[in-house]
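The values are calculated or read from the model by the stated rules, or taken from the named source; none is laboratory data. Here the structure is a predicted model, which is why all the values come from computation and not from measurement. Here the Cβ is made from the backbone with ideal geometry for all residues, glycine too, and neighbour counts use every protein chain on show. The protein model used for the area step is the full one, side chains on, heavy atoms only, and it has no ligands, DNA or RNA in it. Shrake-Rupley method; radii C 1.70, N 1.55, O 1.52, S 1.80 Å.
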Amino acid sequence: MSKDLNWHDYNLETQAIRAGHKRSPENEHSLPIFTTSSYVFDSAEQASLRFTGKQPGNIYSRFTNPTVSAFQERLAIMEQGERCLAFSSGMAAIMAVGMALLKSGDHVVCSRSVFGNTLLTFQNYFGKFGVSTDFVTLTDLDAWEAAIKPNTRFLFLETPSNPLIEIGDIAAIADIAHQHGCLLVVDNVFCTPVLQKPLTLGADLVVHSATKYIDGQGRCVGGAVIGNEELIEKDIYPYLRTGGATLSPFNAWIFLSGLETLALRMKAHCDNAFELAKWLEQQPNVEKVHYPGLISHAQHELAKRQQSHFGGVVSFELRGGQEQAWKLIDSTQMLSITANLGDVKTTITHPATTTHGRLTPEVRAQAGIKDSLVRISVGLENIEDIKNDLQAGLSF
Ligand SMILES: *Cc1c(COP(=O)(O)O)cnc(C)c1O
């Protein structure tokens, strides 16, 4: 059996490799995939104790599975949270936070610059059941505070934002939330616990799409929520058990091995992205580069304070408009034209006509997303090959 070490005493790279694996009596070195929907009890009494929660242990894989539990335990420790629950997707995790914490008549304050489906979840679906949401500018602390009402339950943000890579001040917004008796929920997909640990900065819940950097190789869809025992056990676990947006053991197994190389990959993604951002800034046909590692970035100092590195996503504005942006994208030979991010393969996308294409031109303009904007999720190919692939489209 594996020794019962306290993984909180170890560093993140070690936690990512060793935490969460409770060796079975077979003494396996690699963690197995438990493909079982249910579990057998020793007696009727034990079954009853398990079902009523009086005895810990597996019951049914909608809400208890050893492979999924290992992933949850490992990610909780890496985020320095007490507990983690895994979900079938990042959106299922965000939906779970809302379903568990909100009731009709409640109010949410959300950053305007969140993942498109997050915005639609609050606006259209929770809105349908009598929850109202106000959207504010991520970087405007006064706007966050001014939007809070007596019935505000939580504040929700994503930092760095997509696609303009703006940085929200987690500690300052957590303070504002707590002064008004609200919670702060942070989507930590872009940074992962390797670059930023929102719970240590005052956030109450962290949500993840494991689909992105945690998998890292574009194979599976999954998500997670991390927080203290009270919020996770009392509010979110009963929703998972009833709602059933469960992560499959196979996907949990993929994500567990993804976590093992996450620290190394994030460092390499950041190094490549920083190099690309500096190179793009020197291109005569590039008007502006959005990357928090650059001195020209408006929240460069905050990013330095809040993150251990600047992240793997870069966006930039070209001279010209949509036509030039599309030409650049179409001129690449190697880069993948897809809106996905966090993959070892570099991806390139035109936000104004894809991820943000459903917004009206006015709303897009207000959000600062220009027709000439191109977003790159920088992968782990050799940086010279990435630059070479972009060079032709930048020379016009
Ligand atoms: C992809 C993504 C999500 C949603 O995750 P899925 O796993 O695709 O459901 C949420 N937030 C951010 C920042 C994302 O990039």
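Inter-label distance, residue 125 to residue 3: 4.5 nm, where each label sits 7 Å from its Cα along the C-beta direction.
Ranking 229, 381 from most to least accessible surface, computed with a 1.4 Å probe over the protein chains only, gives 229, 381. Label positions at residue 384 and residue 337, each projected 7 Å from the Cα along the C-beta direction, are separated by 2.8 nm.
In this label model, residue 180 and residue 149 are separated by 1.1 nm, measuring between points 7 Å along each Cα→Cβ vector.
Can you tell me, using C-alpha contacts under 8 Å and at least 6 residues apart, the relative contact order of the chain as a whole percent? Write out the running numbers ahead of the final one.
Working: 772 pairs, mean separation 63.1, N = 396.
So the answer I get is 16 percent.
Only DSSP H runs of four or more residues enter the estimate; each adds -39500 (n - 2.57), and after division by the residues of the chain the mean residue ellipticity at 222 nm equals -10000 deg cm²/dmol. As a rough guide to protection, the peptides 65-73, 117-125 ranked by mean Cβ packing within 10 Å, highest first, stand as 65-73, 117-125. Taken about its Cα centre, region 263-394 carries a charge dipole of about 360 debye when Lys and Arg each add +1 at the Cβ and Asp and Glu each add -1 at the Cβ.
The distance separating the Cα centre of region 87-106 from that of region 147-200 comes to 16 Å. In plain terms, the C-alpha convex hull of the chain casts an average shadow of 20.1 nm² when viewed from every direction. The residue list 98, 19, 291 was ranked by how far each Cα lies along the charge dipole of the chain toward its positive end, using unit charges on Cβ atoms, and 98 comes out on top. Selection among 379, 336, 303 by position relative to the dipole of the chain gives 336 as farthest towards the positive end (Cβ unit charges, Cα centre). For region 7-260, build the charge dipole from Cβ charges (+1 Lys, Arg; -1 Asp, Glu) around the Cα centre, then report which of 209, 87, 258 sits farthest towards its positive end. Value computed over the given set: 87.
Around the Cα centre of region 66-211, unit charges on the Cβ atoms of Lys, Arg, Asp and Glu (plus for the first two, minus for the last two) sum to a dipole of about 480 debye.
Might you tell me the accessible area per residue for region 7-260, computed with a 1.4 Å probe and given in Å²?
Values: 10440 Å² over 254 residues.
Heavy-atom SASA per residue in region 7-260 reads 41 Å².
Distance from the Cα centroid of region 378-396 to that of region 301-320 is 18 Å (rounded to whole angstrom).
Of 276, 302, 141, which has the most accessible area with a 1.4 Å probe, and how do the rest follow in descending order?
Numbers: 276 0, 302 25, 141 60 Å².
The ordering from most to least exposed comes out as 141, 302, 276.
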